[in-house]
Structures are given as structure tokens and as C-alpha cells.
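Below: the structure, in C-alpha cells.
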Ligand code: BES
Ligand code: MG
Ligand code: ZN
């Protein structure tokens with residue numbers, strides 16, 4: 001893994017002259033440029049919009065100017081993206097130490113946090129498996145100059161660094177990011193963050209009655225894990241927020257085998273759990289006064305002599321029976337037990353689950369927005385507020401009773417498919433709803449499209465896990 005973990009700070013930009021930075025980045029708004037600067041942008045076919053970046057022609061100059069668009073149209077997301085362009089340029093040109101002037105003046109501390117996030121998020125590259133010069137990472141430090149609010153910037157750096165750690169979990173292949181590796185990651189985070197971490201092995205969770213999770217896991221030799229992280233930093237009387245993540249460390253589809261094209265991407269099938277781990281990782285650093293519990297069922301989904309089959313009927317932790325019609329709809333099966341377990345053993349204020357659950361959500365929303373479904377409109381409103389704050393898009397899909405009827409089975413309580421060719425993402429949500437305890441506000445995030453990117457986007461690299469939604473959840477928690 002390579003990313004900048006902490007920012008340096010320089011109080012006054014006048015001190016810049018004494019320091020030895022390979023590059024100094026200076027912000028500018030497209031409507032606030034003097035003539036010379038306008039000419040410079042023009043000469044490089046730029047206008048100063050967000051993402052535009054120009055360098056001084058003089059070879060001895062170390063200054064680049066970066067655009068932030070029109071000064072009447074300032075958004076935290078624009079600041080985050082502009083920061084991303086600056087660091088992208090530095091990486092491309094192999095600078096080792098750079099200074100970036102903070103563009104925030106009086107827009108509020110969240111802008112400062114967002115800018116810092118952009119700097120760290122865009123510094124991430126996944127280079128671990130190159131043994132030649134492609135594995136070299138030249139960037140050593142980023143210094144933020146004139147940061148309007150250092151505490152906010154430091155918080156942004158902590159959060160973004162946690163996002164990068166989660167990207168790493170996603171980007172490592174299935175033979176490295178195994179359930180055991182995820183359990184160890186949880187333990188490391190727990191140790192530094194005052195959390196109690198409990199891990200149940202196959203024998204234990206099978207005996208406990210998690211027949212649905214055990215069914216999916218029975219086809220793999222890689223030991224599956226049921227991981228619980230408890231953080232009680234708030235009052236004892238306060239109900240915890242429950243976070244549940246799909247930790248499917250590789251999804252072959254099982255006996256209902258997936259086609260070969262792009263199957264390698266199914267290493268990203270644990271990215272729901274990476275959201276949960278990212279949130280807990282940041283909480284471990286920030287130590288907020290609140291109670292949060294994370295639960296991750298983790299296994300490969302493989303095929304072989306002992307694998308579960310279409311037609312099998314499994315019994316979940318809450319006693320409900322499930323007809324398996326397709327072994328590739330395995331995410332909802334492992335989450336069923338996790339949601340039922342969370343509902344029984346905690347008294348959650350609300351419960352959120354994150355899963356790369358359906359290819360259908362990628363068709364519906366692309367890699368741009370996360371599909372959300374819920375049993376509680378107030379919760380949805382809160383999610384939307386945090387989505388707007390963080391620039392991480394969500395779009396709500398309905399969970400009307402008619403959809404819930406579509407996952408009823410003719411031989412068991414529910415089946416793991418909806419009606420053929422219809423509303424595949426909603427069928428996933430409708431199935432999960434059957435395992436959420438009565439009266440618990442709950443929302444399901446289908447992150448199959450947003451958890452990894454196929455194109456570059458300023459601070460997210462193409463073909464990389466994105467770590468998206470971690471920032472949204474932290475904002476929602478008020479961590
Ligand atoms: N992990 C996949 C969903 C997925 C697909 C994630 C593409 C990212 C990109 C999930 O386990 C799955 O296979 N879902 C099936 C469900 C179907 C059998 C009802 C799907 O979407 O095809
Ligand atoms: Mg699958
Ligand atoms: Zn899957």
C-alpha cells in the first residue's frame with residue numbers, strides 16, 4: 001500500500017520560501033484571476049475550472065496554480081476534487097515533497113476537512129505487487145499551507161487514511177484478503193481503538209444456528225469468520241448503532257458459476273465489510289463519545305464436492321427457512337444471519353448494512369450512486385443529508401409489500417431470488433428485510449457499483465476499490 005497518512009502544516013505561506021518543496025500549489029478562482037494568470041491558463045488551454053491545473057513556464061519555477069471554478073459556486077466536493085488534481089499531478093511528476101496552499105477562507109471547517117481528505121485520498125496507489133520501477137512511490141510528504149482550521153484538516157486526514165486502508169483490503173486479491181486477514185484487521189483496529197473484538201469460527205457459528213452463513217461457507221476450505229467489533233465510547237444507556245458488512249472475500253458464484261469475464265473483480269465482494277472496517281478504523285482514531293457495533297460475516301463463495309446447491313433449504317439464525325435457488329445470490333444469505341444476530345443480541349438505535357449485493361444496481365445507477373432501501377423514512381432522510389454533505393451519492397429504491405411478496409418461497413419461508421428478470425436490487429433488499437428485527441430502523445446500502453471504480457475520478461483511481469460510503473457513515477454518526 002502507498003498513501004500519505006498524515007499531513008504536515010505550515011502556518012504562514014511566507015515561510016514557503018525557506019523550505020525545499022519540489023512543487024508549490026496555489027489556488028485560484030476562475031473569476032478572480034489577474035491578467036497574467038488568466039493568460040497563463042489560456043496558454044495551456046485551461047480556464048480555471050475545478051480540475052484545471054497550470055504550471056509556470058519558467059523551468060525554475062516550482063509553482064502550479066490549480067483552479068477551483070467560480071468563487072460564487074464553492075462546494076466541499078469541488079475543494080476535495082481540486083485537491084485530488086494537485087496530488088495527481090505531483091504523483092505523475094514524481095515529486096517527493098509538496099506544499100499546497102489551502103483555498104479555504106471563511107467557508108467553514110468542513111471545507112478544510114474536505115480539502116484535506118482530497119489530498120490524502122488522491123495520494124493512494126496500489127503498488128504492492130510490482131517488483132520493477134512501477135512499484136516505486138515517490139511522494140513523501142504533503143504540507144498544507146495556511147490551513148484555516150488545522151483540527152478539521154487533521155480529522156479529514158484521519159478519515160481519508162482509514163478510507164485508504166479499506167481500499168487496500170479491497171484491492172488485495174482473494175488469496176491475500178481472506179476471512180482470516182479481515183479478522184486480523186479487525187483485531188488490529190480493536191487494539192488501537194478500545195474495542196472488543198470477537199471472532200466465531202465455522203464450528204462455533206454453525207453450532208450457534210447460523211445455517212444460512214454456514215451453507216454458503218460449506219464449499220470453501222478457507223476458514224470462514226464471523227467478526228464482531230464493539231465500541232462503547234458513549235453512555236451505557238445509549239443504544240448502539242449497528243453496522244453490518246458483506247465480507248465475501250471471493251465470489252465465484254458457487255455451483256451457479258459466474259461467467260469468466262471480469263470474475264477477478266469478485267475480489268471486491270468484501271467491499272461492504274471494508275465500509276464497516278473503515279468506519280471502525282476512523283472511530284478507533286477519533287474516539288468519539290458514541291456506541292457502535294460492527295458485524296461482518298466473511299467467507300469465500302466456492303464450488304466443489306461439499307458446496308451448497310440450488311434447491312437446498314437453509315435455516316437462518318432467527319429460525320426462518322430459506323430456499324436457495326441460485327448459489328450466486330450468496331451475499332443476502334450470509335447477511336441474513338448477521339442481521340438476525342444483531343437484532344437479537346443488541347438493541348440497536350438503527351442498523352445499516354453494506355453489501356456488493358447485485359449486478360443489477362450497477363446497471364441501474366452505474367458506479368456513480370449507491371442504491372439504498374429502508375424500512376424507515378426518517379433514517380433515509382438522515383442518510384440523504386450525509387450523502388449531500390460528503391458528495392457520496394445515494395439513490396433510494398422502494399421496498400413495497402409487493403416486492404417483499406416476490407421473495408416468498410413455495411417450499412420455505414423465503415427464497416434467495418425475486419421474480420425472474422425483475423427488480424433484482426430490490427429483491428435483495430426485500431430478502432434482507434425478513435431478517436431485521438421488528439421495529440428496528442434499518443437501511444441497506446447496495447454498494448456493488450460504488451465500491452470500486454472503473455474510471456479515474458480525481459481522488460479515486462480506476463480499477464481500484466474506492467472506499468466510498470465510509471465518509472458518509474462517519475458524517476451520519478457525527479464521529
Ligand atoms: N457479488 C455479486 C454482485 C456483484 C455483481 C457485485 C457485479 C459487483 C459487480 C452477488 O453475489 C451476485 O452474484 N449477485 C447476483 C444475484 C442474482 C443471482 C440474483 C447477480 O447480481 O447476478
Ligand atoms: Mg454472488
Ligand atoms: Zn457476491
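The values are calculated or read from the model by the stated rules, or taken from the named source; none is laboratory data. Bear in mind the structure is a predicted one, so any value in this text is a computation, not a measurement. Backbone-built Cβ (ideal geometry, glycine too); neighbour counts: all protein chains shown.
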Query - Failed item, numbered, when residue 289 is tested on (1) away from ligand 1 (no atom under 14 Å from the Cβ); (2) part of a strand (DSSP E or B) - result: (2)
Query - Number of the condition not met by residue 309 [criteria: (1) more than 17 Å from the chain's Cα centre (by Cα); (2) closer than 20 Å to residue 429 by Cβ] - result: (2)
Report summary line: Reported set for the range 88-141 where residues are in a helix (DSSP H, G or I) and touching a strand residue (DSSP E or B) at 6+ places or on another chain (Cβ under 6 Å) is 89, 90, 119
Query raised in the report: Do we have residue 450 as under 30 Å from residue 110 (Cβ atoms) and assigned to a helix (DSSP H, G or I) here?
Result: no
Requested in this report: Could you grab the pairs with beta carbons closer than 8 Å, sequence gap of 6+ or different chains, first residue in the range 439-454 and closer than 15 Å to residue 377 by Cβ, second one within 10 Å of ligand 1 (Cβ to nearest atom)?
Outcome: 444/355; 444/357; 444/428
Query raised in the report: With respect to the numbered conditions (1) surrounded by fewer than 24 Cβ atoms within 10 Å (Cβ to Cβ); (2) closer than 24 Å to residue 230 by Cα; (3) touching a strand residue (DSSP E or B) at 6+ places or on another chain (Cβ under 9 Å), which one is the sole condition not fulfilled by residue 347?
Result: (3)
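Yes/no matrix, rows are residues, columns are (1) assigned by TED's automatic domain parsing to the domain that holds residue 177; (2) within 16 Å of ligand 2 (Cβ to nearest atom); (3) in contact with a helix residue (DSSP H, G or I) (Cβ under 7 Å, 6 or more places away or on another chain); (4) closer than 30 Å to residue 347 by Cα:
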site: 216; (1), (2), (3), (4): yes, yes, yes, yes
site: 219; (1), (2), (3), (4): yes, yes, no, no
site: 227; (1), (2), (3), (4): yes, no, yes, yes
site: 239; (1), (2), (3), (4): yes, no, no, yes
site: 247; (1), (2), (3), (4): yes, yes, yes, yes
site: 250; (1), (2), (3), (4): yes, yes, yes, no
site: 271; (1), (2), (3), (4): yes, yes, yes, yes
site: 295; (1), (2), (3), (4): yes, no, yes, yes
Report task. Go through the range 387-409 and give me each residue that's free of Cβ contacts under 8 Å to residues at least 60 places away in the same chain and out of contact with any helix residue (DSSP H, G or I) (no Cβ under 8 Å at 6 or more places or on another chain). Result -> 388, 400, 401, 402, 405, 408
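Hey, among 329, 355, which residue is within 22 Å of residue 216 (Cβ to Cβ), within 16 Å of ligand 1 (Cβ to nearest atom) and more than 19 Å from the chain's Cα centre (by Cα)?
On the way: 355 fails: more than 19 Å from the chain's Cα centre (by Cα).
When all the criteria are applied, what remains is 329.
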Requested in this report: Would you mind listing the helices (runs of 4 or more DSSP H) fully within the range 147-263 where at least 1 residues are within 30 Å of residue 104 (Cα to Cα) and touching a residue at least 40 places away in the same chain (Cβ under 8 Å)?
Outcome: 150-171
Report summary line: residue 285: passes all of (1) touching a residue at least 24 places away in the same chain (Cβ under 8 Å); (2) over 20 Å from the mean Cα position of the chain (by Cα); (3) surrounded by fewer than 24 Cβ atoms within 10 Å (Cβ to Cβ) but (2)
Query raised in the report: In the range 423-440, is there at least one residue being out of contact with any strand residue (DSSP E or B) (no Cβ under 6 Å at 6 or more places or on another chain), modelled with pLDDT of 95 or more and more than 23 Å from residue 295 (Cα to Cα)?
Result: yes
Query raised in the report: Is at least one residue of the range 142-152 at pLDDT 95 or above, assigned by TED's automatic domain parsing to the domain that holds residue 21, under 24 Å from residue 193 (Cβ atoms) and buried (at least 22 other Cβ atoms within 10 Å of the Cβ)?
Result: no
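For the range 303-324: of the residues being more than 21 Å from residue 209 (Cα to Cα) and in contact (Cβ under 8 Å) with a residue 24 or more places away in the chain, which is nearest to ligand 2 (Cβ to nearest atom)? Show your work before the answer.
We begin by selecting, within the range 303-324, every residue more than 21 Å from residue 209 (Cα to Cα); these are 303-305.
Those left that are additionally in contact (Cβ under 8 Å) with a residue 24 or more places away in the chain: 303-304.
On the way: 303: 12, 304: 16 Å.
Restricting to residues being more than 21 Å from residue 209 (Cα to Cα) and in contact (Cβ under 8 Å) with a residue 24 or more places away in the chain, the top hit is 303.
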Requested in this report: Keeping to the range 16-42, report how many residues are more than 18 Å from residue 105 (Cα to Cα) and either touching a strand residue (DSSP E or B) at 6+ places or on another chain (Cβ under 8 Å) or part of a loop (DSSP other than H, G, I, E, B) (or both).
Outcome: 11
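Residue-by-condition table, conditions (1) surrounded by 17 or more Cβ atoms within 10 Å (Cβ to Cβ); (2) farther than 30 Å from residue 236 by Cβ; (3) in contact with a helix residue (DSSP H, G or I) (Cβ under 6 Å, 6 or more places away or on another chain); (4) outside the structural domain of residue 245 (by TED's automatic domain parsing):
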| site | (1), (2), (3), (4) |
| --- | --- |
| 304 | no, yes, no, no |
| 308 | yes, yes, yes, no |
| 313 | no, yes, no, no |
| 317 | yes, no, yes, no |
| 334 | yes, yes, yes, no |
| 355 | yes, yes, yes, no |
Query raised in the report: Got a number for residues in the range 357-381 being closer than 23 Å to residue 75 by Cα and surrounded by fewer than 16 Cβ atoms within 10 Å (Cβ to Cβ)?
Result: 2
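Quick grid of which residues meet (1) farther than 26 Å from residue 464 by Cα; (2) within 16 Å of ligand 3 (Cβ to nearest atom):
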{"site": "270", "(1), (2)": "no, yes"}
{"site": "285", "(1), (2)": "no, no"}
{"site": "294", "(1), (2)": "no, no"}
{"site": "304", "(1), (2)": "yes, no"}
{"site": "312", "(1), (2)": "yes, no"}
{"site": "315", "(1), (2)": "yes, no"}
{"site": "336", "(1), (2)": "yes, yes"}
{"site": "348", "(1), (2)": "yes, no"}
Report summary line: Taking the range 250-268 and the residues there that are closer than 17 Å to residue 326 by Cα and within 10 Å of ligand 3 (Cβ to nearest atom), the one that is surrounded by the fewest Cβ atoms within 10 Å (Cβ to Cβ) would be 258
